[in-house]
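The values are calculated or read from the model by the stated rules, or taken from the named source; none is laboratory data. Remember, it's a predicted structure, so these values are computed and weren't measured experimentally. Neighbour counts are summed over all protein chains in view; Cβ atoms, including those assigned to glycine, are modelled from backbone coordinates with ideal geometry.
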Amino acid sequence: MNANATLWDGLYLELADLLTTEITEIQWLDLWHNQVGFLDEEHPFSTPALFLGFRVLSTEDHGRLAQRLTVQLDVYYFYETFSDTFNGSFNQEDALGYLKTLSNIHKTLHGLSGTCFSEAKRTGFGPVDTGSAGNLYRQTFTMLVEDATAMPEESVAIPGDLAVNEGVKPVGVKPKPYTVLQ
């Protein structure tokens, strides 16, 4: 992970690298903002494409402004195609490749722990209507994320940064922790 990354960009970059490395047919990966609903107006992108969406489902305070988050990750897989899964269609094999990639997304993320997250597990799966020739499915995962971004920065002392000067011993009278009875 990039040393300058914070929680969300670090999580996004780790997942983007993992998914595009493990699933080589992915040609585009971006944050989700319903790009497929506005294909004519939207910035063009190559398909097959993955889009990631994040939500915080719950928080658990861990002191000093740190929290453990249960994060929902929505992975949208979009492929614009006229391939048909109809049994016997001439391009059925291409269409079935889409379903294989859906399985590979699950296989890549389910049960995984990374640098920025732990305990990823799939909790949902289903189609999303696009109103076009594109196939869009969403797989939902939950994961645990430690968020320490609000914690105050610690100052670090490096050997040699501190100087110790010896002085005279302070003189003082310590009170006795007991009473002497006469």
- request: Kindly indicate the residue of region 118-153 that is outside any strand (DSSP E or B) and among the hydrophobic types (A, V, I, L, M, F, W, C) and also surrounded by the most Cβ atoms within 10 Å (Cβ to Cβ) among those meeting that condition.
  value: Val128
- prompt: Only one residue in Met151, Met143 is closer than 19 Å to Trp32 by Cβ and among the hydrophobic types (A, V, I, L, M, F, W, C). Which one?
  reply: Met143
query: In region 101-117, what residues are surrounded by 12 or more Cβ atoms within 10 Å (Cβ to Cβ) and either over 20 Å from the mean Cα position of the chain (by Cα) or not in a loop (DSSP other than H, G, I, E, B) (or both)?
result: Thr101, Leu102, Asn104, Ile105, His106, Lys107, Thr108, Leu109
field: Residues that are modelled with pLDDT of 90 or more and crowded, with 16+ Cβ neighbours inside 10 Å, drawn from region 8-47
entry: Gly10, Leu11, Tyr12, Glu14, Leu15, Ala16, Leu19, Ile23, Ile26, Leu29
field: Conditions (1) of a type in the set (Ser, Thr, Tyr); (2) in a loop (DSSP other than H, G, I, E, B); (3) surrounded by 10 or more Cβ atoms within 10 Å (Cβ to Cβ); number of the one not met by Tyr98
entry: (2)
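So which residues in region 67-94 are in contact (Cβ under 8 Å) with a residue 40 or more places away in the chain and more than 17 Å from the chain's Cα centre (by Cα), if there are any at all? Let's see the steps before the verdict.
Filtering region 67-94 for residues in contact (Cβ under 8 Å) with a residue 40 or more places away in the chain gives 67-82.
Once the filter is applied, which keeps residues that are in contact (Cβ under 8 Å) with a residue 40 or more places away in the chain and more than 17 Å from the chain's Cα centre (by Cα), region 67-94 yields Phe78, Tyr79, Glu80, Thr81, Phe82.
For region 171-181, indicate whether the set of residues that are assigned to a strand (DSSP E or B) and either charged (D, E, K, R) or modelled with pLDDT of 75 or more (or both) is non-empty. Don't jump to the end; show me each part of the working.
Filtering region 171-181 for residues assigned to a strand (DSSP E or B) gives none.
Checked against the condition, which is being assigned to a strand (DSSP E or B) and either charged (D, E, K, R) or modelled with pLDDT of 75 or more (or both), region 171-181 yields no hits at all.
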